[in-house]
Amino acid sequence: MEEGTEELLARLHEKDELISCILDLSHDGIVVTDSDGKILYAGKAMERIVGLIPNKIVGKTIEDLVRVGIIPDDAVPYRALSSKKQESTLLKSRNQKSFVLSTSTPYFDANGKLKYVITNVRNIAELEAMRTEVEAKDTYASKLPELAEIYRSKVVSDLKQHGIKDLIVKDKKTVEIIELIISLVGFKLNYLITGETGTGKSLFAKIIHHLSDRKNESFVDLNCSAIPINLLESELFGYNEGSFTGASKRGQVGLLEIADKGTIFLDEIGTMPLELQSKILKFLDDKTFKRLGSSKPIELDVQVIAATNANLNEAIEAGTFRKDLFFRLNELTIEIPPLRERPADAAEMVDYFWDKYTQEFHKELTLSEGARTKLINYPFPGNVREIRNILKRLVLLTKGPSVDIKDLGKVTNDHQADHFAADAADASEFKTVMGSFEKDIIKKAYETHGSTYAAAEALGMNQSTFFRRAKKYGII
Ligand SMILES: Nc1ncnc2c1ncn2[C@@H]1O[C@H](COP(=O)(O)OP(=O)(O)OP(=O)(O)O)[C@@H](O)[C@H]1O
Ligand SMILES: [Mg+2]
(Lines give C-alpha, C1' and ligand atoms only; values in the text may rest on other atoms or scores of the structure.)
(Ligands and ions follow the chains in the order given, each with its own letter.)
Protein backbone atom coordinates (compact mmCIF):
# COMPACT_ATOMS: atom_id res chain seq x y z
CA MET A 1 0.00 0.00 0.00
CA GLU A 2 1.29 3.46 -0.90
CA GLU A 3 2.20 5.77 1.91
CA GLY A 4 -0.57 8.32 2.56
CA THR A 5 0.10 12.07 2.68
CA GLU A 6 -0.45 12.17 6.42
CA GLU A 7 2.15 9.48 7.09
CA LEU A 8 4.60 11.16 4.74
CA LEU A 9 4.16 14.51 6.49
CA ALA A 10 4.52 12.87 9.87
CA ARG A 11 7.74 11.21 8.70
CA LEU A 12 9.10 14.47 7.32
CA HIS A 13 8.15 16.27 10.49
CA GLU A 14 9.97 13.67 12.54
CA LYS A 15 13.09 14.03 10.38
CA ASP A 16 12.89 17.79 10.68
CA GLU A 17 12.58 17.56 14.42
CA LEU A 18 15.60 15.29 14.60
CA ILE A 19 17.73 17.68 12.52
CA SER A 20 16.73 20.75 14.60
CA CYS A 21 17.38 18.79 17.74
CA ILE A 22 20.91 17.90 16.58
CA LEU A 23 21.66 21.45 15.45
CA ASP A 24 20.20 23.11 18.55
CA LEU A 25 21.90 20.83 21.00
CA SER A 26 25.25 21.07 19.28
CA HIS A 27 27.86 22.47 21.63
CA ASP A 28 29.38 24.34 18.67
CA GLY A 29 27.60 27.32 17.13
CA ILE A 30 26.29 26.45 13.66
CA VAL A 31 25.24 28.86 10.92
CA VAL A 32 23.93 27.76 7.52
CA THR A 33 23.75 30.21 4.60
CA ASP A 34 22.62 29.69 1.03
CA SER A 35 24.82 30.45 -1.97
CA ASP A 36 23.90 34.16 -1.72
CA GLY A 37 25.02 34.38 1.88
CA LYS A 38 21.48 34.49 3.27
CA ILE A 39 21.28 32.97 6.73
CA LEU A 40 18.93 30.00 6.67
CA TYR A 41 19.68 28.65 10.09
CA ALA A 42 21.59 29.71 13.21
CA GLY A 43 21.97 27.33 16.16
CA LYS A 44 21.30 28.25 19.77
CA ALA A 45 24.96 27.98 20.77
CA MET A 46 25.73 31.09 18.63
CA GLU A 47 24.31 33.28 21.34
CA ARG A 48 26.52 31.71 24.03
CA ILE A 49 29.67 31.79 21.92
CA VAL A 50 29.53 35.04 19.93
CA GLY A 51 26.43 36.81 21.29
CA LEU A 52 24.36 36.53 18.08
CA ILE A 53 20.69 35.79 18.79
CA PRO A 54 19.62 33.18 16.21
CA ASN A 55 16.14 34.47 15.33
CA LYS A 56 17.55 38.02 14.88
CA ILE A 57 20.02 36.96 12.23
CA VAL A 58 18.07 34.27 10.36
CA GLY A 59 16.80 35.79 7.07
CA LYS A 60 19.57 38.41 6.95
CA THR A 61 22.63 38.09 4.70
CA ILE A 62 26.25 37.91 5.76
CA GLU A 63 26.70 41.22 3.92
CA ASP A 64 23.97 42.81 6.10
CA LEU A 65 25.84 41.70 9.21
CA VAL A 66 29.16 42.99 7.88
CA ARG A 67 27.57 46.32 6.97
CA VAL A 68 26.20 46.95 10.46
CA GLY A 69 29.53 45.88 11.95
CA ILE A 70 28.23 42.74 13.66
CA ILE A 71 30.85 40.57 11.96
CA PRO A 72 34.14 41.63 10.34
CA ASP A 73 34.35 41.82 6.54
CA ASP A 74 36.86 39.00 6.47
CA ALA A 75 34.51 36.67 8.40
CA VAL A 76 34.91 33.09 7.24
CA PRO A 77 31.46 32.51 5.69
CA TYR A 78 32.09 35.53 3.55
CA ARG A 79 35.44 34.16 2.43
CA ALA A 80 34.10 30.64 1.81
CA LEU A 81 31.28 32.06 -0.31
CA SER A 82 33.79 33.63 -2.67
CA SER A 83 36.67 31.11 -2.51
CA LYS A 84 34.28 28.09 -2.55
CA LYS A 85 36.77 26.37 -0.25
CA GLN A 86 36.85 25.60 3.45
CA GLU A 87 38.03 28.67 5.38
CA SER A 88 39.04 29.00 9.02
CA THR A 89 39.89 31.88 11.28
CA LEU A 90 40.77 32.48 14.89
CA LEU A 91 39.31 35.69 16.29
CA LYS A 92 39.09 37.28 19.69
CA SER A 93 35.67 36.66 21.24
CA ARG A 94 33.36 39.59 21.83
CA ASN A 95 34.36 39.92 25.47
CA GLN A 96 38.02 39.84 24.30
CA LYS A 97 38.74 37.18 26.90
CA SER A 98 39.15 34.20 24.67
CA PHE A 99 39.44 33.12 21.07
CA VAL A 100 36.79 31.80 18.77
CA LEU A 101 37.67 29.34 16.06
CA SER A 102 35.31 29.56 13.05
CA THR A 103 35.32 27.18 10.11
CA SER A 104 33.13 27.61 7.06
CA THR A 105 32.64 24.65 4.72
CA PRO A 106 30.93 24.99 1.32
CA TYR A 107 28.39 22.35 0.24
CA PHE A 108 27.84 21.62 -3.46
CA ASP A 109 24.79 19.97 -5.03
CA ALA A 110 24.87 16.99 -7.43
CA ASN A 111 25.70 19.36 -10.33
CA GLY A 112 28.65 20.86 -8.47
CA LYS A 113 26.82 24.11 -7.83
CA LEU A 114 27.44 25.84 -4.48
CA LYS A 115 24.32 25.34 -2.40
CA TYR A 116 25.12 26.08 1.24
CA VAL A 117 27.95 27.27 3.44
CA ILE A 118 27.99 25.66 6.87
CA THR A 119 29.88 27.57 9.51
CA ASN A 120 31.03 26.03 12.72
CA VAL A 121 31.99 28.29 15.63
CA ARG A 122 33.69 27.12 18.82
CA ASN A 123 35.09 28.93 21.79
CA ILE A 124 38.69 27.96 22.42
CA ALA A 125 38.47 28.87 26.14
CA GLU A 126 35.65 26.34 26.51
CA LEU A 127 37.70 23.76 24.67
CA GLU A 128 40.60 24.54 26.96
CA ALA A 129 38.34 24.11 30.00
CA MET A 130 37.17 20.77 28.62
CA ARG A 131 40.74 19.70 28.00
CA THR A 132 41.68 20.60 31.58
CA GLU A 133 38.70 18.67 32.83
CA VAL A 134 39.66 15.61 30.81
CA GLU A 135 43.26 15.95 31.94
CA ALA A 136 42.13 16.27 35.54
CA LYS A 137 40.21 13.03 35.10
CA ASP A 138 43.32 11.40 33.66
CA THR A 139 45.39 12.60 36.60
CA TYR A 140 42.74 11.24 38.94
CA ALA A 141 42.94 7.90 37.14
CA SER A 142 46.70 7.86 37.45
CA LYS A 143 46.36 8.65 41.14
CA LEU A 144 43.86 5.85 41.71
CA PRO A 145 46.37 3.25 42.89
CA GLU A 146 47.67 5.82 45.36
CA LEU A 147 44.15 6.64 46.53
CA ALA A 148 43.35 2.95 46.78
CA GLU A 149 46.42 2.55 48.96
CA ILE A 150 45.28 5.41 51.25
CA TYR A 151 41.80 3.90 51.39
CA ARG A 152 43.22 0.48 52.17
CA SER A 153 45.37 1.79 54.99
CA LYS A 154 42.30 3.54 56.39
CA VAL A 155 40.39 0.26 56.38
CA VAL A 156 43.35 -1.44 58.03
CA SER A 157 43.60 1.24 60.72
CA ASP A 158 39.82 1.14 61.33
CA LEU A 159 40.10 -2.59 61.84
CA LYS A 160 42.96 -2.06 64.27
CA GLN A 161 40.57 -0.05 66.41
CA HIS A 162 38.43 -3.16 66.59
CA GLY A 163 41.25 -5.16 68.08
CA ILE A 164 42.56 -6.58 64.80
CA LYS A 165 46.13 -5.62 65.54
CA ASP A 166 48.22 -7.36 62.95
CA LEU A 167 46.70 -7.08 59.55
CA ILE A 168 48.74 -7.34 56.41
CA VAL A 169 46.91 -6.67 53.18
CA LYS A 170 49.57 -6.25 50.55
CA ASP A 171 49.12 -8.92 47.93
CA LYS A 172 46.65 -8.26 45.11
CA LYS A 173 44.73 -11.39 46.11
CA THR A 174 44.24 -10.19 49.69
CA VAL A 175 43.40 -6.66 48.56
CA GLU A 176 40.71 -8.13 46.32
CA ILE A 177 39.21 -10.04 49.24
CA ILE A 178 39.00 -6.87 51.35
CA GLU A 179 37.49 -4.98 48.42
CA LEU A 180 34.94 -7.73 47.88
CA ILE A 181 33.96 -7.62 51.55
CA ILE A 182 33.59 -3.83 51.41
CA SER A 183 31.50 -4.01 48.26
CA LEU A 184 29.06 -6.38 49.97
CA VAL A 185 28.48 -4.34 53.11
CA GLY A 186 24.77 -3.81 53.61
CA PHE A 187 23.67 -7.00 51.84
CA LYS A 188 22.24 -9.75 53.98
CA LEU A 189 24.43 -12.66 53.04
CA ASN A 190 25.75 -15.83 54.57
CA TYR A 191 29.40 -16.38 54.01
CA LEU A 192 31.50 -19.46 53.70
CA ILE A 193 35.21 -18.92 54.16
CA THR A 194 37.52 -21.62 52.91
CA GLY A 195 41.27 -21.95 53.00
CA GLU A 196 44.12 -23.97 54.41
CA THR A 197 44.91 -23.83 58.09
CA GLY A 198 46.38 -20.51 59.25
CA THR A 199 45.44 -18.56 56.12
CA GLY A 200 43.30 -16.13 58.10
CA LYS A 201 39.77 -17.57 57.93
CA SER A 202 38.97 -16.62 61.52
CA LEU A 203 40.56 -13.22 61.02
CA PHE A 204 38.57 -12.53 57.85
CA ALA A 205 35.35 -13.57 59.60
CA LYS A 206 36.02 -10.80 62.13
CA ILE A 207 36.86 -8.41 59.32
CA ILE A 208 33.52 -9.15 57.60
CA HIS A 209 31.76 -8.37 60.86
CA HIS A 210 33.73 -5.23 61.67
CA LEU A 211 33.35 -3.76 58.23
CA SER A 212 29.61 -4.42 58.21
CA ASP A 213 26.84 -2.30 59.65
CA ARG A 214 26.65 -4.89 62.45
CA LYS A 215 30.04 -3.88 63.79
CA ASN A 216 28.63 -2.52 67.05
CA GLU A 217 26.69 -5.71 67.76
CA SER A 218 28.11 -8.97 69.03
CA PHE A 219 30.44 -11.24 67.14
CA VAL A 220 30.03 -14.75 68.50
CA ASP A 221 32.76 -17.20 67.68
CA LEU A 222 31.87 -20.89 67.92
CA ASN A 223 34.43 -23.50 67.01
CA CYS A 224 32.27 -26.49 66.18
CA SER A 225 35.14 -28.95 66.59
CA ALA A 226 36.18 -27.70 70.01
CA ILE A 227 32.90 -28.46 71.76
CA PRO A 228 31.79 -32.03 72.51
CA ILE A 229 29.04 -32.98 70.08
CA ASN A 230 26.46 -33.53 72.80
CA LEU A 231 26.96 -29.97 74.10
CA LEU A 232 27.12 -28.25 70.75
CA GLU A 233 23.37 -28.18 70.26
CA SER A 234 22.60 -26.64 73.65
CA GLU A 235 25.45 -24.15 73.30
CA LEU A 236 24.08 -23.03 70.00
CA PHE A 237 20.35 -23.05 70.60
CA GLY A 238 20.15 -22.71 74.38
CA TYR A 239 17.64 -24.58 76.49
CA ASN A 240 14.77 -24.08 78.86
CA GLU A 241 14.86 -25.10 82.48
CA GLY A 242 15.06 -28.82 83.12
CA SER A 243 15.04 -29.76 79.46
CA PHE A 244 17.67 -32.48 79.82
CA THR A 245 19.57 -34.26 82.54
CA GLY A 246 22.36 -32.08 83.79
CA ALA A 247 20.87 -28.89 82.36
CA SER A 248 21.05 -25.83 84.52
CA LYS A 249 17.85 -25.17 86.45
CA ARG A 250 17.44 -21.71 85.07
CA GLY A 251 17.97 -22.73 81.48
CA GLN A 252 20.50 -21.05 79.21
CA VAL A 253 20.49 -18.60 76.36
CA GLY A 254 22.20 -20.06 73.31
CA LEU A 255 24.95 -18.45 71.27
CA LEU A 256 22.57 -17.80 68.37
CA GLU A 257 20.46 -15.58 70.59
CA ILE A 258 23.53 -13.80 71.88
CA ALA A 259 24.45 -13.08 68.28
CA ASP A 260 21.07 -11.46 67.54
CA LYS A 261 21.55 -8.35 65.32
CA GLY A 262 25.20 -9.33 65.04
CA THR A 263 27.19 -12.21 63.61
CA ILE A 264 27.76 -15.83 64.51
CA PHE A 265 30.95 -17.41 63.25
CA LEU A 266 30.64 -21.18 62.87
CA ASP A 267 34.25 -22.22 62.61
CA GLU A 268 35.15 -25.70 61.35
CA ILE A 269 31.56 -26.17 60.17
CA GLY A 270 32.66 -29.38 58.44
CA THR A 271 32.81 -31.11 61.83
CA MET A 272 29.22 -30.28 62.75
CA PRO A 273 27.07 -33.39 63.22
CA LEU A 274 24.45 -34.00 60.53
CA GLU A 275 21.54 -33.61 62.93
CA LEU A 276 22.70 -30.17 63.91
CA GLN A 277 23.35 -29.27 60.29
CA SER A 278 19.62 -29.75 59.64
CA LYS A 279 18.76 -27.39 62.46
CA ILE A 280 21.16 -24.76 61.20
CA LEU A 281 19.71 -25.15 57.74
CA LYS A 282 16.22 -24.55 59.09
CA PHE A 283 17.44 -21.48 60.92
CA LEU A 284 19.06 -20.14 57.76
CA ASP A 285 15.82 -20.75 55.87
CA ASP A 286 13.35 -19.03 58.12
CA LYS A 287 15.52 -17.21 60.69
CA THR A 288 13.67 -18.91 63.53
CA PHE A 289 14.68 -21.62 65.96
CA LYS A 290 13.48 -23.19 69.19
CA ARG A 291 15.41 -23.55 72.39
CA LEU A 292 15.83 -27.15 73.55
CA GLY A 293 12.80 -28.15 75.58
CA SER A 294 10.70 -25.34 74.15
CA SER A 295 8.07 -25.27 71.45
CA LYS A 296 8.15 -21.51 71.06
CA PRO A 297 9.91 -20.34 67.90
CA ILE A 298 12.21 -17.36 68.35
CA GLU A 299 12.98 -15.10 65.43
CA LEU A 300 16.45 -13.64 65.11
CA ASP A 301 18.46 -11.45 62.80
CA VAL A 302 21.88 -13.07 62.68
CA GLN A 303 24.53 -12.97 59.99
CA VAL A 304 26.09 -16.40 59.63
CA ILE A 305 29.69 -16.82 58.63
CA ALA A 306 30.96 -20.38 58.40
CA ALA A 307 34.52 -21.49 57.83
CA THR A 308 36.22 -24.72 56.99
CA ASN A 309 39.61 -26.00 55.96
CA ALA A 310 38.06 -29.29 54.96
CA ASN A 311 36.92 -29.96 51.43
CA LEU A 312 33.13 -29.79 51.84
CA ASN A 313 32.56 -31.30 48.41
CA GLU A 314 34.35 -34.42 49.56
CA ALA A 315 32.38 -34.33 52.82
CA ILE A 316 29.17 -34.14 50.78
CA GLU A 317 30.31 -37.13 48.71
CA ALA A 318 31.10 -39.01 51.88
CA GLY A 319 27.68 -38.17 53.28
CA THR A 320 29.01 -36.26 56.28
CA PHE A 321 27.90 -32.84 55.11
CA ARG A 322 24.49 -31.80 53.86
CA LYS A 323 24.51 -30.59 50.31
CA ASP A 324 21.55 -28.25 50.89
CA LEU A 325 23.34 -26.64 53.84
CA PHE A 326 26.43 -26.22 51.70
CA PHE A 327 24.43 -24.33 49.07
CA ARG A 328 22.68 -22.25 51.72
CA LEU A 329 25.97 -21.22 53.35
CA ASN A 330 27.63 -20.80 50.05
CA GLU A 331 25.75 -17.61 49.09
CA LEU A 332 29.16 -16.14 49.08
CA THR A 333 32.34 -18.14 49.32
CA ILE A 334 35.53 -16.35 50.16
CA GLU A 335 38.49 -18.49 49.31
CA ILE A 336 41.61 -17.39 51.09
CA PRO A 337 44.62 -18.48 49.07
CA PRO A 338 47.55 -20.05 50.88
CA LEU A 339 50.44 -17.74 51.69
CA ARG A 340 52.66 -19.36 49.04
CA GLU A 341 50.25 -17.90 46.47
CA ARG A 342 50.45 -14.44 48.05
CA PRO A 343 54.14 -13.60 47.73
CA ALA A 344 53.68 -9.88 48.42
CA ASP A 345 51.96 -10.72 51.71
CA ALA A 346 54.70 -13.19 52.63
CA ALA A 347 57.43 -10.58 52.08
CA GLU A 348 55.53 -7.95 54.03
CA MET A 349 54.85 -10.39 56.87
CA VAL A 350 58.49 -11.35 57.22
CA ASP A 351 59.41 -7.67 57.60
CA TYR A 352 56.41 -6.83 59.76
CA PHE A 353 56.79 -9.70 62.23
CA TRP A 354 60.57 -9.24 62.34
CA ASP A 355 60.12 -5.58 63.37
CA LYS A 356 57.32 -6.43 65.75
CA TYR A 357 59.21 -9.12 67.65
CA THR A 358 62.60 -7.39 67.72
CA GLN A 359 60.85 -4.45 69.36
CA GLU A 360 58.71 -6.58 71.66
CA PHE A 361 61.66 -8.63 72.89
CA HIS A 362 64.09 -5.69 72.87
CA LYS A 363 66.52 -7.43 70.55
CA GLU A 364 69.13 -5.55 68.55
CA LEU A 365 69.21 -7.88 65.57
CA THR A 366 69.62 -7.52 61.85
CA LEU A 367 68.17 -10.00 59.39
CA SER A 368 70.55 -10.77 56.53
CA GLU A 369 69.19 -10.37 53.02
CA GLY A 370 69.88 -14.07 52.33
CA ALA A 371 67.92 -15.19 55.37
CA ARG A 372 65.09 -12.82 54.54
CA THR A 373 64.81 -14.19 50.99
CA LYS A 374 64.99 -17.75 52.27
CA LEU A 375 62.15 -17.04 54.67
CA ILE A 376 59.99 -15.35 52.05
CA ASN A 377 60.42 -18.29 49.69
CA TYR A 378 59.51 -20.93 52.22
CA PRO A 379 56.11 -22.38 51.25
CA PHE A 380 54.72 -22.12 54.83
CA PRO A 381 52.23 -24.97 54.93
CA GLY A 382 50.98 -23.51 58.23
CA ASN A 383 50.52 -20.19 56.43
CA VAL A 384 50.34 -16.93 58.41
CA ARG A 385 50.35 -18.69 61.78
CA GLU A 386 53.57 -20.43 60.82
CA ILE A 387 55.34 -17.39 59.38
CA ARG A 388 54.49 -15.45 62.52
CA ASN A 389 55.66 -18.19 64.83
CA ILE A 390 58.90 -18.85 62.98
CA LEU A 391 59.79 -15.15 63.13
CA LYS A 392 58.92 -15.05 66.79
CA ARG A 393 61.21 -18.00 67.46
CA LEU A 394 63.93 -16.55 65.30
CA VAL A 395 63.95 -13.29 67.22
CA LEU A 396 63.57 -14.94 70.58
CA LEU A 397 66.14 -17.67 70.18
CA THR A 398 68.99 -16.36 68.06
CA LYS A 399 71.75 -14.39 69.67
CA GLY A 400 72.73 -12.16 66.76
CA PRO A 401 73.79 -9.47 66.21
CA SER A 402 73.17 -10.66 62.65
CA VAL A 403 70.73 -13.40 61.78
CA ASP A 404 71.86 -15.39 58.79
CA ILE A 405 70.66 -18.37 56.76
CA LYS A 406 72.43 -20.82 59.07
CA ASP A 407 70.47 -19.42 62.01
CA LEU A 408 67.20 -20.34 60.35
CA GLY A 409 67.91 -24.04 60.69
CA LYS A 410 68.16 -23.63 64.44
CA VAL A 411 64.62 -22.48 64.92
CA THR A 412 62.76 -24.71 62.53
CA ASN A 413 60.67 -27.74 63.31
CA ASP A 414 60.48 -31.03 61.46
CA HIS A 415 58.54 -30.08 58.39
CA GLN A 416 60.50 -26.87 57.89
CA ALA A 417 63.85 -28.61 58.23
CA ASP A 418 64.42 -29.56 54.58
CA HIS A 419 63.97 -26.09 53.25
CA PHE A 420 66.16 -24.45 55.82
CA ALA A 421 68.70 -27.25 56.01
CA ALA A 422 69.66 -26.89 52.37
CA ASP A 423 72.16 -24.25 53.35
CA ALA A 424 73.51 -26.00 56.42
CA ALA A 425 76.87 -27.74 55.90
CA ASP A 426 75.42 -31.23 55.60
CA ALA A 427 72.43 -33.17 56.78
CA SER A 428 74.16 -34.93 59.66
CA GLU A 429 75.62 -31.70 60.95
CA PHE A 430 72.17 -30.20 60.62
CA LYS A 431 70.66 -33.02 62.68
CA THR A 432 73.19 -32.50 65.45
CA VAL A 433 72.60 -28.77 65.36
CA MET A 434 68.86 -29.35 65.43
CA GLY A 435 69.13 -31.79 68.31
CA SER A 436 71.12 -29.46 70.49
CA PHE A 437 68.91 -26.51 69.69
CA GLU A 438 65.63 -28.31 70.04
CA LYS A 439 66.10 -28.75 73.76
CA ASP A 440 67.06 -25.12 74.08
CA ILE A 441 64.06 -23.93 72.07
CA ILE A 442 61.58 -26.06 73.95
CA LYS A 443 63.02 -25.00 77.30
CA LYS A 444 62.96 -21.30 76.44
CA ALA A 445 59.45 -21.47 74.99
CA TYR A 446 58.20 -23.24 78.11
CA GLU A 447 59.87 -20.68 80.38
CA THR A 448 58.55 -17.77 78.32
CA HIS A 449 54.98 -18.98 77.94
CA GLY A 450 54.45 -20.82 81.18
CA SER A 451 52.25 -23.61 79.82
CA THR A 452 52.72 -26.40 77.30
CA TYR A 453 49.68 -25.16 75.37
CA ALA A 454 50.94 -21.58 74.98
CA ALA A 455 54.51 -22.72 74.29
CA ALA A 456 53.33 -25.22 71.65
CA GLU A 457 51.19 -22.52 69.98
CA ALA A 458 54.18 -20.16 69.89
CA LEU A 459 56.32 -22.82 68.26
CA GLY A 460 53.62 -23.84 65.80
CA MET A 461 53.58 -27.39 67.18
CA ASN A 462 50.67 -29.29 68.48
CA GLN A 463 50.57 -29.54 72.23
CA SER A 464 51.07 -33.30 72.46
CA THR A 465 54.26 -33.15 70.36
CA PHE A 466 55.54 -30.35 72.53
CA PHE A 467 54.70 -32.31 75.66
CA ARG A 468 56.49 -35.45 74.41
CA ARG A 469 59.64 -33.54 73.52
CA ALA A 470 59.67 -31.51 76.71
CA LYS A 471 59.45 -34.78 78.62
CA LYS A 472 62.25 -36.33 76.53
CA TYR A 473 64.59 -33.48 77.43
CA GLY A 474 63.53 -33.54 81.07
CA ILE A 475 62.11 -30.03 80.91
CA ILE A 476 58.82 -31.01 82.49
N1 LIG B 1 46.66 -10.98 56.66
C2 LIG B 1 47.08 -11.20 57.90
N3 LIG B 1 47.84 -10.28 58.52
C4 LIG B 1 48.27 -10.49 59.77
N5 LIG B 1 48.02 -11.57 60.50
C6 LIG B 1 47.26 -12.52 59.93
C7 LIG B 1 46.76 -12.40 58.61
N8 LIG B 1 46.05 -13.51 58.32
C9 LIG B 1 46.11 -14.28 59.41
N10 LIG B 1 46.82 -13.71 60.39
C11 LIG B 1 47.13 -14.25 61.71
O12 LIG B 1 47.54 -15.59 61.55
C13 LIG B 1 46.99 -16.42 62.54
C14 LIG B 1 46.14 -17.49 61.88
O15 LIG B 1 45.00 -16.89 61.30
P16 LIG B 1 43.54 -17.50 61.51
O17 LIG B 1 43.40 -18.07 62.86
O18 LIG B 1 42.56 -16.48 61.08
O19 LIG B 1 43.65 -18.67 60.44
P20 LIG B 1 42.57 -19.79 60.09
O21 LIG B 1 42.52 -19.87 58.62
O22 LIG B 1 41.33 -19.52 60.83
O23 LIG B 1 43.29 -21.08 60.65
P24 LIG B 1 42.60 -22.48 61.15
O25 LIG B 1 42.13 -23.19 59.92
O26 LIG B 1 43.74 -23.19 61.77
O27 LIG B 1 41.52 -22.12 62.08
C28 LIG B 1 46.17 -15.51 63.45
O29 LIG B 1 46.96 -15.13 64.54
C30 LIG B 1 45.88 -14.32 62.59
O31 LIG B 1 45.69 -13.16 63.34
MG1 LIG C 1 40.37 -20.49 62.39
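What is the magnitude of the charge dipole of the chain about its Cα centre, with +1 placed on the Cβ of each Lys and Arg, -1 on the Cβ of each Asp and Glu, and no other charges, expressed in debye to the nearest 20?
On the way: 65 positive and 71 negative charges, 305 e Å.
So the magnitude is around 1460 debye.
Applying the criteria of a DSSP loop state and at most 11 other Cβ atoms within 10 Å to the GluC sites (Glu not before Pro) of segment 1-83 yields Glu2, Glu3. A simple charge model with +1 on the Cβ of Lys and Arg, -1 on the Cβ of Asp and Glu and nothing else charged puts the dipole of segment 12-127 at about 340 debye relative to its Cα centre. What the chain shows is 56 Å² of accessible area per residue, with the surface traced by a 1.4 Å probe over protein heavy atoms. Between Tyr41 and Val32, the built amide H atoms are under 5 Å apart, and every one of these is 5 or more places off in sequence or on another chain. Stokes-Einstein diffusion for segment 265-310, with the hydrodynamic radius set to the Kirkwood value over Cα pairs and evaluated at 4 °C in a medium of 1.567 mPa s, equals 112 µm²/s.
Once the Cβ-Cβ distance between Glu14 and Asp36 is put in as r, and R0 is 35 Å, what FRET efficiency do you end up with, to the nearest 0.05? Don't skip to the answer; put the middle values down first.
Working: r = 30 Å, r/R0 = 0.85.
It comes to 0.70.
Split the accessible area of the chain by element, probe 1.4 Å, and carbon with sulfur accounts for 54%. In terms of overall dimensions, the C-alpha atoms belonging to segment 237-351 reach 55, 36, 27 Å along their principal axes, ordered largest to smallest.
Calculated [222 nm] ellipticity per residue, helices only, for the chain: -15500 deg cm²/dmol; basis is -39500 (n - 2.57) per DSSP H run with n ≥ 4, divided by all residues, nearest 500.
Modelled this way, with points 7 Å down the Cα-to-C-beta line, the labels at Glu364 and Lys172 are 4.3 nm from one another. Dipole orientation for the chain: of the candidates Ala306, Leu459, Gln86, Leu459 has the Cα lying most toward the positive pole (charges on Cβ; Lys, Arg +1; Asp, Glu -1).
Here's the list of lysines a cross-link from Lys443 could span, going by alpha-carbon distance under 22 Å and ignoring same-chain residues fewer than 8 apart: Lys363, Lys392, Lys399, Lys406, Lys410, Lys431, Lys471, Lys472.
Computed over neighbours whose Cβ is under 15 Å from that of Phe467, the net charge equals +4, Lys and Arg +1, Asp and Glu -1. Against the empirical curve 2.2 N^0.38 Å, the C-alpha radius of gyration of the chain lands at a ratio of 1.67. Each Lys and Arg Cβ is given +1 and each Asp and Glu Cβ -1; about its Cα centre, segment 223-307 then shows a dipole of about 300 debye. Give the Debye-formula value of log10 I(q)/I(0) at each listed q (0.12, 0.13, 0.19 Å⁻¹), with one equal scatterer per alpha carbon of segment 163-337, two decimals each. The computed values of log10 I(q)/I(0) come out as -0.56, -0.65, -1.31.
The values are calculated or read from the model by the stated rules, or taken from the named source; none is laboratory data. Keep in mind the model is a prediction, meaning the values are calculated, not measured. Note that each Cβ is placed from the backbone with ideal geometry, even for glycine, and that neighbours are counted across all protein chains shown. When the accessible area is computed, the model is the full protein with side chains, heavy atoms only, and any ligands, DNA or RNA have been set aside. Shrake-Rupley method; radii C 1.70, N 1.55, O 1.52, S 1.80 Å.
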